[in-house]
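Engineer: One structure is given below, represented as structure tokens, and several questions about it will come after.
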Amino acid sequence: MIYLDYQASTPLAPEARDAMLRWLEGAGEGDGFANPSSTHKAGRAAAAAVEVARDQVAALLPKGGRLFFTSGATEALNWALLRGAEAMPGGVAGLSIEHAASLKCLERLNAAILPVDSEGLALPPDDALLPEGGIVATMLVNNEVGTIQPVADFAAAAHRKNSLLLCDAVQGYGRVAIPDSADLIAISAHKIHGPKGIGALWVRDGVDLPPLMFGGAQEQGMRSGTVSPALCAGFGAAAVLAAERFEADAEHVERLWSLATDLLPEWTVNGAANPRYHGNLNVRREGVNGLRLMSDARDIAFSLGSACGSGSGKVSHVLRAMGVSETDARASIRLGWGRYTSEQQLRDGLAAIRDAARLQGVN
């Protein structure tokens with residue numbers, strides 16, 4: 001299997017795995033499984049590991065905020081929007097290309113949906129569409145087409161109306177700069193070679209966000225429930241590695257982008273080439289059936305769009321928001337690569353995809 005679906009999930013970094021093992025089984029002492037809320041020695045050690053990881057993850061985020069671990073970015077986004085709307089009742093607005101975790105909340109809150117252009121980039125913020133004393137959701141890197149959104153511009157516009165800016169930074173965390181002006185930031189570990197099942201919500205100091213869950217007062221009283229030191233340690237190790245490898249990973253991704261675009265000259269790129277995270281290549285080809293292509297190229301892992309929407313039979317809401325026709329959307333595929341993708345793997349994967357397209361009569 002050649003894995004070209006880095007937007008859906010990334011391979012676990014060996015360093016993250018090693019960091020987790022100590023807190024799954026212990027390093028010979030047999031106490032690594034302890035509850036971090038326990039007051040005995042093993043519990044205090046586990047609690048210390050959680051705080052080390054918190055600092056490691058927060059190091060890639062703006063200063064002046066608190067980081068709360070969650071089960072993932074979906075929980076973080078739901079928390080920020082649904083509970084945040086209670087604290088900021090002036091209304092909600094968000095981009096039409098937000099991830100489903102945000103978009104479903106926006107729909108539930110009767111939010112104003114903000115348009116994007118045909119390149120998948122948000123139109124300049126319109127004060128008439130932004131709430132007064134509410135929340136504006138603007139993702140950083142779109143998960144389906146990779147376009148980088150003008151978060152800072154929307155933050156400035158939101159702040160002029162005394163609203164908060166929520167940034168879904170899942171696809172950008174550890175890869176592109178996160179604007180300092182966001183008030184709430186959602187991230188996920190498994191998008192940066194960390195474990196699944198853990199994410200975080202960063203909350204700017206001074207923002208009064210209601211607690212998500214009540215119980216044992218874990219996570220500073222904001223999200224009760226036993227915290228997993230192993231998942232936190234894996235997230236922290238992945239964040240440290242992302243910071244250390246930031247430039248090397250970026251250069252590698254750029255080389256693979258150039259290679260992929262050279263090898264697919266007949267395919268049309270969906271979304272702007274810049275500003276874009278170049279580990280995401282969403283392309284279409286007239287005459288191609290994307291679903292059949294996945295079946296014919298079954299040894300290549302790629303997608304038709306967001307993993308969260310796969311299997312629904314619906315075309316990408318992101319492509320449709322960009323004005324892409326349903327026919328072209330169904331002829332589109334998403335390719336993603338990163339740190340552990342070799343140039344030869346990409347060559348072989350794209351060759352298999354081209355061969356599969358020929359089986360459909362597309363030369």
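Engineer: Filter region 312-334 down to the residues that are of a type in the set (A, V, I, L, M), touching a residue at least 60 places away in the same chain (Cβ under 8 Å) and either surrounded by fewer than 18 Cβ atoms within 10 Å (Cβ to Cβ) or touching an Asp or Glu at 6+ places or on another chain (Cβ under 8 Å) (or both) and list them by number.
Structural biologist: Within region 312-334, VAL318, LEU319, MET322 qualify.
Engineer: Considering only residues of region 335-344 that are crowded, with 17+ Cβ neighbours inside 10 Å and not basic (Lys, Arg), which is nearest to ARG285 (Cα to Cα)?
Structural biologist: LEU335
Engineer: If you don't mind, another one. Which of the helices (runs of 4 or more DSSP H) found entirely inside region 1-79 contain at least 2 residues meeting this: open to solvent by 30 Å² or more (accessible area, probe 1.4 Å) and at pLDDT below 95?
Structural biologist: Ranges flagged: 14-25, 41-58.
Engineer: Of the residues ALA177, ALA233, only one is out of contact with any Cys (no Cβ under 7 Å at 6 or more places or on another chain) and either at positive phi or modelled with pLDDT of 95 or more (or both); which?
Structural biologist: Matching residue, one of ALA177, ALA233: ALA233.
Engineer: Does region 93-117 hold any residues that are part of a loop (DSSP other than H, G, I, E, B) and either in contact with an Asp or Glu (Cβ under 7 Å, 6 or more places away or on another chain) or in contact (Cβ under 8 Å) with a residue 40 or more places away in the chain (or both), and which are they?
Structural biologist: SER96, ILE97, GLU98, HIS99, PRO115, ASP117 - these are the residues of region 93-117 that are part of a loop (DSSP other than H, G, I, E, B) and either in contact with an Asp or Glu (Cβ under 7 Å, 6 or more places away or on another chain) or in contact (Cβ under 8 Å) with a residue 40 or more places away in the chain (or both).
Engineer: What are the residue pairs meeting all of these: first residue in region 287-300, first residue touching a residue at least 40 places away in the same chain (Cβ under 8 Å), second residue among the polar types (S, T, N, Q), Cβ atoms under 8 Å, and 6 or more apart or on different chains?
Structural biologist: Listed by first residue and then by second, the contacts come to GLY287/GLN360; VAL288/GLN360; ASN289/GLN360; GLY290/SER332; ARG292/GLN360; LEU293/GLN360; ASP296/GLN360.
Engineer: Pairs under 7 Å by beta carbon, first residue of a type in the set (Ser, Thr, Tyr) in region 25-45, partner at pLDDT 80 or above and in a loop (DSSP other than H, G, I, E, B), six or more apart or different chains?
Structural biologist: That search, which allows pairs on different chains as well, returns SER37/GLY216; SER37/GLN218; SER37/THR226.
The values are calculated or read from the model by the stated rules, or taken from the named source; none is laboratory data. Remember, predicted model here, so these are calculated numbers, not experimental data. Quick reminder, even Gly has a Cβ in these numbers, built from the backbone with ideal geometry, and neighbours come from all protein chains shown. With ligands, DNA and RNA removed, areas are computed over all heavy atoms of the protein, side chains included. Shrake-Rupley method; radii C 1.70, N 1.55, O 1.52, S 1.80 Å.
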